[in-house]
Structure formats: C-alpha cells, structure tokens
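The structure appears right after this line, and notes come after that.
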Amino acid sequence: MNKRWALRDNINHDDVIKLAAELNIDTVLSSLLVQRGITTFEDARYFFRPDHRHLHDPFLMKDMEKAIIRIEQAIAGGEKIMIYGDYDVDGTTAVALTYSFFKKLYDNIDYYIPDRYKEGYGISTQGIDYAAETGVDLIIALDCGIKSVDKIDYANEKGIDFIICDHHLPGATIPNAVAVLDPKREDCEYPYKELSGCGIGFKLIQAYAIKNDIPEEEVNCYLDLVVISISCDIVHITGENRVLAHFGLNKINTDPCTGVKALMEIAGRTGPYTISDVVFLLGPRINAAGRIDDAKHAVALLIATDKDVAKEQSALINVHNTERKGHDVNITDEALSMIDNDAVLVARKSTVLFNENWHKGVIGIVASRLTEKYYRPTIVLTRSNGHVAGSARSVLGYDLYEALCGCKDLLIQFGGHKYAAGLTMHPENLEAFINRFEEVVSTTIKPEQLIQQIQIDAELRLSQIEAKFFRILNQFAPFGPENMAPVFISKNVYVSGNAGLVGGSHIKMSVIQEGSAAFDCIAFNHGQYIEQLRSGAPFEMCYSIEENVWRERRTIQLNVKGIRFSD
C-alpha cells in the first residue's frame with residue numbers, strides 16, 4: 001500500500017533554538033520537545049524526570065469524597081462489596097487492582113466480570129441480579145457504567161448502591177449512582193482527562209489510602225497493572241498517564257506481581273518490557289480469557305499471590321490465546337477473500353462484513369487486520385444472542401463514533417471511541433445499515449484519510465545519531481499515543497555492503513550517508529525494493545531509532561518505515 005509521508009512543520013522555530021540552548025541539546029531533540037508542548041527548562045525537567053509527586057490529588061475528581069465515604073461505611077457496617085468490571089484488559093486489570101487492594105483490608109468482598117456472549121459489554125441486568133441474590137450492598141464498577149442509566153436505576157430498586165469508575169464519554173444523563181468518577185464529565189475539574197479505566201481505579205485506592213493513612217507503597221505496588229491497562233487500552237501517554245506508565249514499567253521490569261510475572265514467563269520473555277512489549281505479549285493473553293472462555297480467569301491470574309496458582313492460570317490463558325490465534329487467522333483469511341472477490345466491496349470507502357458463524361471473541365482483531373490491509377473504516381459483524389453484533393475500527397483522523405451516530409436509528413446500542421467501537425442491531429436492519437454506513441463515510445471522510453500516513457517528526461543526518469543523542473532520545477519513552485517514538489527522515493543514503501532478504505519480505509541492510517558511520521537497518525515488508533537497494537542508487541528513508549540486543553551485545557538499529565527512490 002502506498003503511504004503518504006507527512007513532515008511536521010507547524011512548530012515555533014524560535015522556541016526550538018531557545019530550548020536547545022537552555023538544555024544544551026541538538027535542535028532536532030528540542031524540536032521533538034516543542035512538538036510535545038515542552039518549551040521551557042521546567043517543562044523538560046517534568047517530562048524527563050517523572051516523579052510520584054507529579055500525580056494529581058485524587059480528591060480533585062468530582063464525587064471522590066462521596067465514593068470514599070460510601071466505601072468506609074460499607075466496611076464499617078460489614079456490607080458485602082462487589083468489584084465489577086468489563087472483560088477486556090482495562091476492565092480485568094481494574095478489577096484485579098481494586099479487589100486486591102481492598103481484599104487486604106476487608107474480607108467480605110467479591111468480584112464479577114460479565115460474560116462477553118451472554119451479557120455483553122458493561123453493566124448487565126444479570127450481574128445486578130446475581131449481586132442481589134448473593135447479598136451485595138455496594139457495587140464498584142470499573143471501566144464501564146457511565147451510560148448505564150437504566151441499569152443503575154434497576155440496581156437502586158434492588159437496594160444496591162453503585163460507585164461508577166469510568167473513563168468513557170458520558171451521555172446526556174449521568175447515572176443516579178452514589179458517586180460517578182469520570183474525568184470526562186463536563187462538571188469534573190480533574191486536571192487530567194485521559195486516564196484508563198484501571199487508572200480511575202488507581203485514583204480510587206489512592207484516595208482511600210490518603211484518607212485512611214495507608215502507606216503509598218500499598219497503592220504503588222499495583223502500578224504494573226495500571227501500565228498494562230494504559231498500554232492495551234491505547235490511551236494517551238502524556239501527563240499523569242506518562243508518570244503512571246513510567247513507574248508501572250519499572251515495576252514490571254523489577255518486581256512484577258505474582259500473576260504478571262507468571263504471564264511474562266509463559267509469554268517467553270521476562271524483561272525488559274516496553275509499552276509495545278506489553279501490548280503484543282501480555283495484552284493478547286489477558287484478552288484471550290474473555291474472548292475464548294471466561295475473563296474471570298484473567299482476574300484470577302492477576303490477583304494470584306500463590307506461584308502455583310498463577311502458573312496454572314497463566315497456562316490456561318496461554319491455551320486460550322493459542323485458540324484465539326487460530327480463529328483470528330481463519331476468519332481474517334475468509335474476510336479478505338470476501339472483499340477481494342467482490343468488486344463492489346473493493347470500491348467502497350468503508351468495509352462492513354457479516355458472517356453468522358464467525359467467533360465473536362476475535363472479530364475486533366479481524367476488523368483491525370482488515371483496516372491495515374484496506375485502510376478505511378471497517379466493521380466486522382456476527383450473530384450473537386439473536387442479534388447482529390460486531391466491532392468497528394477506524395483510520396487516522398476519522399471519527400468512527402460520529403459515523404455510527406449517523407446510523408443510530410438502525411442500531412440497538414453502540415459505544416466506544418473515535419477509533420474503535422462496538423455495536424448491536426436487529427438482523428433485519430443489517431442491509432440498511434451497510435448502505436447507510438457507506439453513505440455516511442463517503443460523505444464525511446477526506447480523500448487523504450484513506451491513504452495511510454507516515455508522520456515524520458524531523459529531518460536528521462545520520463552523523464547526528466551519536467551516544468548523547470541516543471541517550472536523550474531514550475528518555476522520551478515510554479512511547480505511545482500522543483508520545484509516539486519519533487520518526488526521522490534522512491536523504492541521499494546508500495546501502496553499505498549487501499542488502500539481504502529475511503523472512504521472504506523483510507530487508508536487513510546497513511546504510512551510510514556522506515560523513516556518517518554505517519547503521520544497521522531492518523525494513524519490515526519492504527522486500528519489493530531489494531533490487532533497487534542492491535543497485536547502489538541513493539534513496540531517502542524514514543525510520544525510528546531503537547536498540548537491538550543480540551547475545552548481550554547492544555547496538556543502534558534503524559527501524560525503516562518507508563523507502564523512496566527518486567523517479
């Protein structure tokens with residue numbers, strides 16, 4: 001697929017020069033800081049030196065005081081508390097964190113994860129009924145609930161109180177719960193709006209600890225769970241999230257909790273982990289529990305304190321992940337074949353596919369795969385409990401949630417974010433929905449949004465990549481949304497020595513530029529350029545800079561994102 005190369009040029013160059021002088025760094029590095037809104041020495045110190053003192057006072061969040069008072073009442077009165085969370089990584093880590101913290105203080109506590117297939121996303125009537133049957137007085141809901149107005153009313157009728165800890169956008173009405181913690185509430189003045197669901201749970205236990213003089217170590221010991229949620233829920237790694245992610249990775253790489261350690265071992269790697277490693281090695285395994293069987297297995301692993309229990313649960317989850325991979329590959333192949341063999345589908349600006357036999361647990365992954373291939377808003381649907389249900393994924397800059405709003409009269413329910421969503425409809429509305437969604441996308445998407453973009457942060461000469469530059473660049477981590485690993489462009493570079501194909505479609509080579517040393521490169525899925533590269537012709541490339549570790553030898557490697565030869 002052809003990709004657009006877009007070089008950032010909307011920065012104040014006076015700020016760049018001034019900051020470079022203040023910090024005694026290369027102007028390329030100072031331009032990266034300015035792009036991130038960092039223009040002063042103090043801004044840079046805050047960015048490069050994350051500190052627990054940078055975390056905000058949890059009581060700045062609306063309703064936090066109410067939430068803590070209600071939990072204190074429940075514990076003092078011997079009431080039964082249920083920790084309720086969604087079945088994905090964010091939900092299960094949030095439940096594990098909150099349950100583990102309060103379980104140390106109070107024994108009359110349980111947790112509940114809704115069944116993906118029988119109950120669906122969020123707070124369910126079945127879950128509330130189960131709480132009533134088992135004598136629950138207070139439910140703490142995590143990563144869900146902000147739009148569950150009718151379900152909270154139902155719980156109130158049953159005499160069950162709710163504390164909602166959510167990070168999704170609220171609807172027009174805030175549920176009638178005892179406390180609703182959500183920084184995205186219009187009436188919430190909490191200074192950081194992009195916490196994960198588990199991050200909201202962290203603020204809850206942080207507030208309880210402050211109010212009850214519990215050492216902060218009893219809260220910070222769960223930061224490995226918080227960084228897993230931040231990584232896998234694709235929230236911004238800026239501000240408070242960046243601080244939480246920084247210390248969470250430290251926890252994973254030095255002293256992970258028993259369950260996380262078992263998961264790392266079954267994944268075949270014990271460290272050091274980056275955000276990307278968490279996303280690709282730990283996240284899919286945690287998610288697989290809910291996709292294939294029951295997400296309670298993921299919570300059981302993450303709350304485990306016994307090594308043997310953790311080992312048993314991690315092995316079970318790994319089996320589920322292997323099964324998930326099989327479904328993923330088979331359904332993706334079927335879906336690609338459906339598109340490739342239908343000229344109408346190929347020509348559309350959106351993709352909506354339905355097969356009643358597809359496994360509901362992996363259709364979100366399949367939607368992501370199709371988006372990678374065809375790069376357009378994509379929805380994959382299957383049959384679920386007599387309805388048609390599915391997952392949607394978008395492309396850079398296009399608001400998928402708004403597009404679904406344009407089809408809401410055809411949907412039973414939908415929810416999510418700008419780039420990912422879930423939806424349910426009656427089967428008889430499927431054809432009308434496919435046509436309406438294509439109509440909405442066709443009239444609202446910009447042509448350039450249908451071409452994948454490589455965002456380039458700065459032009460760089462290879463000779464600028466030296467020890468100090470690389471050391472400072474590493475301090476920009478942890479990388480993720482709104483703080484992605486910088487991508488550079490270098491022009492008039494040449495292959496030094498031989499360029500070789502590996503794995504059939506990837507290229508390994510060394511490159512040089514006038515006045516520079518040679519740098520090892522890996523270019524995934526760029527095999528089509530092998531002959532031109534071997535010809536010795538000059539080219540330009542965009543790439544990120546990373547460290548390659550091989551047999552304990554550490555070297556700088558350029559991860560090539562794009563190659564262009566002059567016409």
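The values are calculated or read from the model by the stated rules, or taken from the named source; none is laboratory data. Predicted model only: the values in this text are computed from it and were never measured. Please note: Cβ atoms are built from the backbone with ideal geometry, for glycine as well, and neighbour counts cover all protein chains shown.
The table below lists the values:
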item: Those residues of the stretch 374-399 which are in contact (Cβ under 8 Å) with a residue 60 or more places away in the chain and of a type outside the set (F, W, Y), in sequence order; result: R376, P377, S384, N385, A389
item: Candidate set: the stretch 99-147, residues that are among the β-branched types (V, I, T) and in contact (Cβ under 8 Å) with a residue 40 or more places away in the chain; chosen: the one surrounded by the fewest Cβ atoms within 10 Å (Cβ to Cβ); result: T134
item: When residues of the stretch 50-98 are limited to those that are of a type in the set (D, E) and either farther than 19 Å from P183 by Cα or at pLDDT 95 or above (or both), the one surrounded by the fewest Cβ atoms within 10 Å (Cβ to Cβ); result: D51
item: Residue match in the stretch 524-532 (condition: in a loop (DSSP other than H, G, I, E, B) and exposed (fewer than 15 other Cβ atoms within 10 Å of the Cβ)); result: yes
item: Test result for F280, closer than 24 Å to H327 by Cβ, of a type in the set (F, W, Y) and assigned to a helix (DSSP H, G or I); result: yes
item: Matching helices (runs of 4 or more DSSP H) fully within the stretch 189-264 where at least 2 residues are among the polar types (S, T, N, Q) and farther than 26 Å from I139 by Cα; result: 239-254
item: One residue from I465, I456, I472 being among the hydrophobic types (A, V, I, L, M, F, W, C) and touching a Cys at 6+ places or on another chain (Cβ under 8 Å); result: I456
item: Long-range neighbours under 7 Å by Cβ, at least six apart or interchain, first residue assigned by TED's automatic domain parsing to the domain that holds C144 and crowded, with 24+ Cβ neighbours inside 10 Å within the stretch 182-207, second assigned to a helix (DSSP H, G or I) and of a type in the set (V, I, T); result: S196/I230; C198/T93; C198/V226; G199/V226; G199/I230; G201/T98; F202/V226; L204/T98
item: The lone exception for G415 - which of (1) part of a helix (DSSP H, G or I); (2) surrounded by 16 or more Cβ atoms within 10 Å (Cβ to Cβ); (3) within 21 Å of the chain's Cα centre (by Cα) it fails; result: (1)
item: Of residues in the stretch 8-49 being out of contact with any helix residue (DSSP H, G or I) (no Cβ under 9 Å at 6 or more places or on another chain) and either over 26 Å from L249 (Cβ atoms) or aliphatic (A, V, I, L, M) (or both), the one modelled with the lowest pLDDT; result: D9
item: Per-region count, the stretch 349-366, residues within 23 Å of H417 (Cα to Cα), at pLDDT 95 or above and not β-branched (V, I, T); result: 4
item: Meets criteria (closer than 15 Å to Q557 by Cα, small (G, A, S), surrounded by 13 or more Cβ atoms within 10 Å (Cβ to Cβ) and out of contact with any helix residue (DSSP H, G or I) (no Cβ under 6 Å at 6 or more places or on another chain)) for A499; result: no
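Per-residue answers, yes or no, for (1) within 21 Å of the chain's Cα centre (by Cα); (2) surrounded by 23 or more Cβ atoms within 10 Å (Cβ to Cβ); (3) under 25 Å from Y112 (Cα atoms):
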position	(1), (2), (3)
V227	yes, yes, yes
H236	yes, no, no
H246	yes, no, no
V260	yes, yes, yes
S276	yes, no, no
V279	yes, no, yes
K296	yes, no, yes
D308	no, no, yes
A315	no, no, yes
